[in-house]
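The values are calculated or read from the model by the stated rules, or taken from the named source; none is laboratory data. No experiment lies behind these values; they were computed from the predicted model shown. Here Cβ is always computed from backbone atoms with ideal geometry, including for glycine, and neighbour counts include all displayed protein chains.
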Amino acid sequence: MKHKILNIIQNKDGIKVAEVLYNNENRVIKTFSKGVSSFEINWYKILKELNIPILETYELGEDYLIMEKIDGKKYRLGREEDLSLENSVVSIAGYFKKLHTFSSEIDKKYNDLPLYSPMLNIDHIDFLVSKLKDNKLLNLVKRKVHKLNRIINDFKLVIIHRDFYYKNFAVKETTNTIVMFDFSQMCISYKSVEIEFIRRVLKSRSEEAERLFLEYYGEYDLNEYLIWELVNHLDCLYHAFSAEKFPAWGESAKDYILNLDNFYFFKQMLK
């Protein structure tokens, strides 16, 4: 496989992205060095089989892929303001909703997909209790950690994207609908993991964008989401307290743990 390289777009962590001349057309090639996971190539194959929208691909090799160039003719690169556009937000929700409908089919065909299934770590909980000794929520979690982990273990697993960001999607100019093109963080996990991440990104633009996304995303288990929110805050707080100096980004997690409303909610849930 030899193609004339016109421009190196990115060369990082063993993954090189370049513009190449392919059949007299400007295309993009992404190559993976030996020892670097080329898992993303499989995703293009999987999604192509299932007719889930992707950028057009021309070659999918063992360690490289060649795809259409995002040059503004058909698609343009995503911009931050796209996260506020109604068509884009509805399209984002629909894209992931469609992906979830194929989760069981994908899992049957490809049983080597990475699994992201975080559980509560008792050592981390003990560490947090030592920092906030009288905190009611932390002590409740410590007493109920095994029950919480059993509940988490029963959550339904689906295919999700763990790195949603406007730089990872292209936008069709005529409709403002999106298509993802960076699949390196696709995995099997819980809807709540994906929802929390996307909500946070959209909320940074507007609460209306967040509301619209949830409206079109489809049903999800609210209790599952609230438990995942707890797990996420505990993990954040553990890393914040582990730092040499407590960082500003840990304050929201600390406020969450100190909020008695959260304690009473989980006390009722876990009784």
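Among the residues of region 167-182, the ones that are farther than 13 Å from residue 94 by Cα and crowded, with 19+ Cβ neighbours inside 10 Å come to 4 in all.
Are any of the residues in region 152-159 in a helix (DSSP H, G or I) and farther than 30 Å from residue 48 by Cβ? Scanning region 152-159, I find at least one residue that is in a helix (DSSP H, G or I) and farther than 30 Å from residue 48 by Cβ, so the answer is yes. Going through (1) modelled with pLDDT of 95 or more; (2) within 19 Å of residue 148 (Cα to Cα); (3) in contact with a helix residue (DSSP H, G or I) (Cβ under 7 Å, 6 or more places away or on another chain) one by one, residue 268 falls short only on (3).
Return yes or no: is residue 102 at pLDDT 90 or above, on the phi < 0 side of the Ramachandran plot and among the aromatic types (Phe, Trp, Tyr)? Considered against the rule, which asks whether it is at pLDDT 90 or above, on the phi < 0 side of the Ramachandran plot and among the aromatic types (Phe, Trp, Tyr), residue 102 comes out as no. Filtering 210, 215, 229 for residues that are acidic (Asp, Glu) and buried (at least 16 other Cβ atoms within 10 Å of the Cβ) leaves a single hit, 210. Within the bounds of region 190-204, is there any residue that is more than 11 Å from the chain's Cα centre (by Cα), part of a loop (DSSP other than H, G, I, E, B) and closer than 16 Å to residue 91 by Cβ? No. Selection of region 143-162 for residues being charged (D, E, K, R) and surrounded by 15 or more Cβ atoms within 10 Å (Cβ to Cβ) yields only 144.
Mind checking whether some residue in region 75-95 is modelled with pLDDT under 90 and in contact with an Asp or Glu (Cβ under 6 Å, 6 or more places away or on another chain)? Among the residues of region 75-95, at least one is modelled with pLDDT under 90 and in contact with an Asp or Glu (Cβ under 6 Å, 6 or more places away or on another chain), which makes the answer yes. Within the option set 96, 32, 39, being assigned by TED's automatic domain parsing to the domain that holds residue 183, of a type in the set (Phe, Trp, Tyr), closer than 17 Å to residue 181 by Cβ and surrounded by 14 or more Cβ atoms within 10 Å (Cβ to Cβ) holds for one residue only, 96. Kindly evaluate residue 133 against the criterion of being in the same structural domain as residue 263 (by TED's automatic domain parsing), touching a residue at least 12 places away in the same chain (Cβ under 8 Å) and farther than 20 Å from residue 83 by Cα. When the stated conditions are applied, residue 133 does not pass them.
Screening residue 13 on (1) surrounded by 12 or more Cβ atoms within 10 Å (Cβ to Cβ); (2) more than 28 Å from residue 97 (Cα to Cα); (3) under 22 Å from the mean Cα position of the chain (by Cα) shows it passes everything except condition (1).
Taking the listed residues 190, 256, 238, the one that is touching a helix residue (DSSP H, G or I) at 6+ places or on another chain (Cβ under 7 Å) and at pLDDT below 95 is 190, with no other qualifying. For residue 139, the conditions (1) of a type in the set (S, T, N, Q); (2) under 29 Å from residue 269 (Cβ atoms); (3) surrounded by 19 or more Cβ atoms within 10 Å (Cβ to Cβ) all hold with the exception of (3).
Got a number for residues in region 50-74 being free of Cβ contacts under 8 Å to residues at least 60 places away in the same chain and outside any loop (DSSP other than H, G, I, E, B)? Count: 6.
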